[in-house]
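Student: Have a look at this one before I ask anything.
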Amino acid sequence: MSPAKRILIVEDEPAIADTLIYVLNSSGYQTEHVGLLQTALSRLQTDSFSLAILDVGLPDGNGFDLCRQLRRFSDIPVIFLTAHGDEIDRIVGLEIGADDYVTKPFSPREVAARVGVILRRLGTDTNKPTPTPNTQFDLDSQAGRIRYCGHLLDLTRYEFLLLKLLIEHPERIFSREQLLERIWQDPGEVFDRTVDTHIKTLRAKLRLAAADQDPIRTHRGLGYSLQSR
């Protein structure tokens, strides 16, 4: 199997690792599992992987330290697994070079979906084609305008920011939590359903422009994405 499909799982809980191995293998990836920071660092230095899934809490260190050391010699994408959902942990993880962050308990299939999205975005997932921009949208970021099928959309500030993010990342699945963090200035003051409400109003406005189209996809249990054309 091509090295471009190899995933290193760094997780000290065998039950979690076994579940991830099963789901990722079923999705067409080759996996390798280690449970210690030093073992993971050695494998990453001596072999080729396309992505690493790092548990934050490890017996001989933590995933943040491992990611810092990894970034000295490699830029492969990293997904953190953690039992902590604190904002500061997410910020630290992203600032030191992580590509995504999943809080336990999680759906293994959600992790597999996030792996696929990251690898497609980087053009290293040979299982699926690289998404192309949806040409039905004409985004003018400086003017704060979006046209859809030739029609100028009448959007609120948050509707614009939400649709802009989806347009800029075709086919990428964003969870409600990710959308709240990226778009709302103070996500702690709003609820997950705020995202659903804005998606609903966006869809209504898009249908006014093109009644037979529905470019925003709902991924049950995962989040939302914009289909490429």
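Student: What's the angle, to the nearest 10 degrees (0 to 90), between helix 157-168's Cα axis and the longest principal axis of the chain?
Tutor: 60 degrees
Student: A follow-up question, please. Using the basic label-point model (7 angstrom from Cα toward the beta carbon), what is the residue 43 to residue 15 distance in nanometres?
Tutor: That separation, rounded to one decimal, is 2.1 nm.
Student: Working from Cα positions, state the angle (0 to 90°, nearest 10) between the long axis of helix 192-209 and the longest principal axis of the chain.
Tutor: Helix 192-209 and the main axis of the chain meet at about 40 degrees.
Student: Can you give the local net charge around residue 13? Use residues other than it whose beta-carbon is closer than 13 angstrom to its beta-carbon, Lys and Arg +1, Asp and Glu -1.
Tutor: Overall, the nearby charge balance is -3.
Student: Let me ask something additional. Put +1 on the Cβ of each Lys and Arg and -1 on the Cβ of each Asp and Glu in the chain; which of 162, 178, 115 then has its Cα farthest toward the positive end of the dipole?
Tutor: Of the candidates, 162 comes out farthest on the positive side.
Student: State the number of lysine pairs found in the chain whose Cα atoms come within less than 27 Å, restricting to pairs 8 or more positions apart or on distinct chains.
Tutor: Values: 5/104; 5/128; 128/164; 164/200; 164/205.
For the chain, the number of qualifying lysine pairs is 5.
Student: Further question: Which angle from 0 to 90°, rounded to the nearest 10, does the C-alpha axis of helix 14-26 make with the longest principal axis of the chain?
Tutor: Here the helix axis deviates by roughly 60 degrees.
Student: Out of all DSSP beta bridges with both ends in the chain, state the antiparallel percent to the nearest 5.
Tutor: Of all bridge pairs located within the chain, approximately 45 percent are antiparallel.
Student: Between residue 149 and residue 169, what length comes free when the chain is fully extended (0.36 nm per residue of separation minus the Cα-Cα distance, one decimal in nm)?
Tutor: Contour length minus the Cα-Cα distance gives 5.3 nm.
Student: Cut-off 10 angstrom, C-alpha nodes, Gaussian network model of the chain. Which of 40, 98, 210 fluctuates the most?
Tutor: Taking springs between Cα atoms under 10 Å, the residue moving most is 210.
Student: I would also like to ask the following. Fully extended, how many nm does the chain gain between residue 220 and residue 201 (0.36 nm per residue separation, minus their Cα-Cα distance)?
Tutor: Extra length available between residue 220 and residue 201 comes to 5.0 nm.
Student: For the chain, what does -39500 (n - 2.57) per DSSP helix run (n ≥ 4), summed and divided by total residues, give at 222 nm, in deg cm²/dmol to the nearest 500?
Tutor: -12500 deg cm²/dmol, from helical runs alone.
Student: For Cα Rg over 2.2 N^0.38 Å, one of (1) 1.16; (2) 0.94; (3) 1.09 was computed from the structure I shared and the rest are decoys. Which label?
Tutor: (3)
Student: I want to check the label-to-label distance for residue 26 and residue 122. Put each point 7 Å from Cα in the C-beta direction and report it in nm to one decimal.
Tutor: Simple spin-label model gives 2.5 nm for this pair.
Student: If DNA, RNA and ligands are ignored and the probe is 1.4 Å, what is the ranking of 222, 152 by accessible area, most exposed first?
Tutor: Working: 222 40, 152 90 Å².
Heavy-atom accessible area, descending, gives 152, 222.
The values are calculated or read from the model by the stated rules, or taken from the named source; none is laboratory data. Computed from a predicted model, the values in this text were never measured in an experiment. Cβ sites come from the backbone with ideal geometry, for glycine too, and all protein chains shown count toward neighbours. Keep in mind that these areas ignore ligands, DNA and RNA; they rest on the heavy atoms of the full protein, side chains included. Shrake-Rupley method; radii C 1.70, N 1.55, O 1.52, S 1.80 Å.
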